Structures are given as structure tokens and as C-alpha cells.
1. Before we move on, is Thr111 among the polar types (S, T, N, Q) and crowded, with 16+ Cβ neighbours inside 10 Å?
2. Using the structure shown, decide if Leu265 is in contact with an Asp or Glu (Cβ under 8 Å, 6 or more places away or on another chain), surrounded by 20 or more Cβ atoms within 10 Å (Cβ to Cβ) and not assigned by TED's automatic domain parsing to the domain that holds Arg87.
3. Is there any pair with a first residue in the stretch 117-131 that is part of a loop (DSSP other than H, G, I, E, B) and a second that is modelled with pLDDT of 85 or more and among the charged types (D, E, K, R) whose Cβ atoms are under 9 Å apart and which are 6 or more apart or on different chains, and what are they?
4. Can you confirm whether Leu211 is closer than 15 Å to Trp67 by Cα, in contact with a helix residue (DSSP H, G or I) (Cβ under 6 Å, 6 or more places away or on another chain) and assigned to a helix (DSSP H, G or I)?
5. For the stretch 32-91, which positions are in contact (Cβ under 8 Å) with a residue 12 or more places away in the chain, under 20 Å from Leu211 (Cβ atoms) and among the β-branched types (Val, Ile, Thr)?
6. For Gly232, which of the numbered conditions (1) buried (at least 17 other Cβ atoms within 10 Å of the Cβ); (2) more than 19 Å from Asp114 (Cβ to Cβ) fails to hold?
Amino acid sequence: MFLNTVLVVLTDLAARLLGNKLFRQHFHLLLSAVLVFGPALSLWVSHHSIFAKRSHFLYRLFLRSGWGWTCVFVGSFVFLLSYSIRRSVLHSLRHLSRLAVAGGLWLCFCTLLDLLENTTGSCYEPLSTGPEVTGGQPLLVLKEGESKSECLKAGMVWRGYEVSEDVFLLCLCCLLLAEETSVFGPYLRLGGVSDAPLRILFLLCVLLLGLWIFLLLCLLAYFPQFPTQLLGGALGCLSWRGLYQGWYRMGPSWYCPGRPGQGLLNMKTSSAGAEDTLNHNHYN
């Protein structure tokens, strides 16, 4: 009973924050401020910290499979919430299709970014011995005719025009999590049934959002790479704006999955006027 009370209190507070109109409207601005000013943290953090190593288990366990973690937790929450309201698998799949669209967009951009780095880059062989070493950094000798895969396999360095895929993924996942979980607050205010599994999934999504923000701060503070990280974050924000602030506003149809909560918040326990007010506040 005590644990259930704690769960209810925590999820209610988190749902109230994520469902707040000011938070929904300005979260992307907060994320943009983190991207712009986050690298300044490198002046204060210790480079002997465990987070200054790319081999840290948080990077290995979560960052390399960030989209998978996001799909598992957000997909489970969206499916359980939509199915518990409508009892329709097709309706739930329509809401889940937003994740499929975002995943396809992420894969397309990753492919284009890899192509950009391959076509604009060159292979260099570092000279680690001799008088060529200056300032602790080895000089690089250009190696003609090497592809990126061959270059890296040979232990050499590939230099090309980069956009940080890690920052791109983290920004997209943060904005997606904030959008998909924001519907839980209005759902609770309408008197929706919320059992323990649904609340636990929501809380896990909130914790995942906090983890992505923490890892984003770690990347910016311990591995600052300007402007590649800023470009990656901008690409993530533009992807979110194109989907959630653009395409999904067109409403549910055969070519559009609609916005989070659309078709779910018209609870039987609410009046038509309350529903219209909630939909107006949530979607504008």
C-alpha cells in the first residue's frame, strides 16, 4: 500500500509537469539552451571523472542503443494507454506508427550523415614518433585512395564533415518522450483509469527522459565538439518540429497518425465542453 501511494504521488507530480502547457511549449527552448551553453561545463568538470571515458557502462548500455530503449518504453506506454481506453488494436497501432515514422526518419538521416562524412572525408596516417610531433599531437599524413572502412580498419584517422549522430538521437528522443508522455496529465485530470502497470511505464519513460538529458550534458561537457554537436541537436529539433508541430497537426487519416492523445482524451466521464477545452489547450 505504501509503495502504491508513493507511485501515485510520483506519477501525478510528473504527469502534472509534463502535461503543463508552459512545459510543452518551452521544452525545446530549454533543450536548445543546453546545446548552446552545455559545452561551457567542460571548464568546470574533471576530465578524470568516470564519465570522461567513452567506455563507461552508461554510454555502452544506453547511448549505443538509445532508439531501442526509447521505442520499448514509449511504445509500451502508448500501446497500453491507447488500448486501455479504446480496446482497439488498430487504434493503438495508429498511435504507435508515430514511433515508426520517427525511427524511419532517424535511419534516413543517419544514412545521409554517413554518406556526407564518407564523401567529404579523407584518410590520414598519424605520425606518432620523430620531430614531427608538435604540442603533443601527431602530424597527419594524407593517404590517397582509402575508403572510410579501410582507413579505420588499418588504424588510421578519418577526417570528414561530421554531424553528431549521438546528440541528434538524444535530442530527438527527449522531444519525442516529452510529446508522447504529455498526454498522461490531461488523461488523469479527466478521471481516466490508471492502474499500477500504466503508472510504472509512465514513470519509466520519465526516468528515461532524465537519463537522456543527463547523457546529453555528459557528451557536451566531457566531449565538446563544436559545431558538430550543435548541428546534430539542430537536426533533432527540426525533425521533431517537422513531425509533431507540422505533419501530425493534420489530424488522423490514412496518411497521418495524428498527434499524441488525439482520439483518446474524449473520455466518457467528461462532458463535451470539457473535452473541447482540453483538446484546445493540449493541441495549441
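1. No; evaluated as a whole, the condition is false for this residue.
2. yes
3. Gly121/Glu162
4. no
5. Val34, Val45, Thr70, Val74, Val78
6. (2)
The values are calculated or read from the model by the stated rules, or taken from the named source; none is laboratory data. Nothing here was measured: the structure is a model prediction, and the numbers come from that model. Every residue, glycine as well, gets a Cβ built from its backbone with ideal geometry; the counts of neighbours run over all protein chains shown.
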